[in-house]
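The values are calculated or read from the model by the stated rules, or taken from the named source; none is laboratory data. What you see is a predicted model, and the numbers here were worked out from it, not measured in a lab. Positions of Cβ are backbone-derived with ideal geometry, glycine not excepted, and every protein chain shown enters the neighbour counts. Just the protein is used for accessible areas: all its heavy atoms, side chains included, with ligands, DNA and RNA removed. Shrake-Rupley method; radii C 1.70, N 1.55, O 1.52, S 1.80 Å.
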Amino acid sequence: MDLKCPTCHNPLEQVGTHAHCNVCDTDIEVQANCPECHQPLEVLKACGAVDFFCQHGHGLISKKRVEFTLR
Ligand SMILES: [Zn+2]
Ligand SMILES: [Zn+2]
């Protein structure tokens, strides 16, 4: 996770499907992408847990492997 805040360029903290900037105290929307095909992942939310699913044949993607990009 090496996304930077578009406003202050501080490194962002990943929180679930959002990124948080501690400097601006703002939540920033991020896009989860498949590490294999780089297509947007479907986000499955269940009981507080978040799973990421690739609809292009790569199945469930562990959160550690998800590529996050700013929208
Ligand atoms: Zn910021
Ligand atoms: Zn994929």
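Excluding V23 itself, calculate the net charge of residues whose Cβ lies under 14 Å from the Cβ of V23, where each Lys or Arg counts +1 and each Asp or Glu counts -1.
On the way: positive: K4; negative: E13, D25, D27.
Within the 14 Å Cβ shell, the charges total -2.
Using mean Cβ contacts within 10 Å as the protection proxy, how do 2-14, 45-57, 24-36 order, highest first?
Working: 2-14: 13.3, 45-57: 11.6, 24-36: 15.2.
Going from most to least packed, we get 24-36, 2-14, 45-57.
Net charge within 13 Å of D51 by Cβ-Cβ distance, Lys/Arg positive one each and Asp/Glu negative one each, not counting D51 itself?
Summing Lys/Arg as +1 and Asp/Glu as -1 gives +3.
Could you give the length gained by full extension between C47 and T7, i.e. 0.36 nm per residue of separation minus their alpha carbon distance, to one decimal place?
Numbers: separation 40, 0.36 × 40 = 14.40 nm, distance 3.25 nm.
Extra length available between C47 and T7 comes to 11.1 nm.
Averaged per residue, what accessible area in Å² does the stretch 13-70 show with a 1.4 Å probe, protein chains only? Display every interim value, and only then the final one.
Numbers: 3640 Å² over 58 residues.
Using a 1.4 Å probe on heavy atoms only, each residue of the stretch 13-70 averages 63 Å².
Considering only G57, C5, H38, whose Cα is most displaced toward the positive end of the charge dipole of the chain, charges sitting on Cβ of Lys, Arg (+1) and Asp, Glu (-1)?
G57
Provide the convex hull volume over Cα atoms per residue for the chain, in Å³. Write out the running numbers ahead of the final one.
Working: hull volume 5.7 nm³, N = 71.
Spread over its residues, the Cα hull of the chain gives 80 Å³ apiece.
Ignoring ligands, DNA and RNA, please state the percent of accessible area on the chain from carbon and sulfur, probe 1.4 Å.
Values: 2330 of 4700 Å².
Here it works out to 49 percent.
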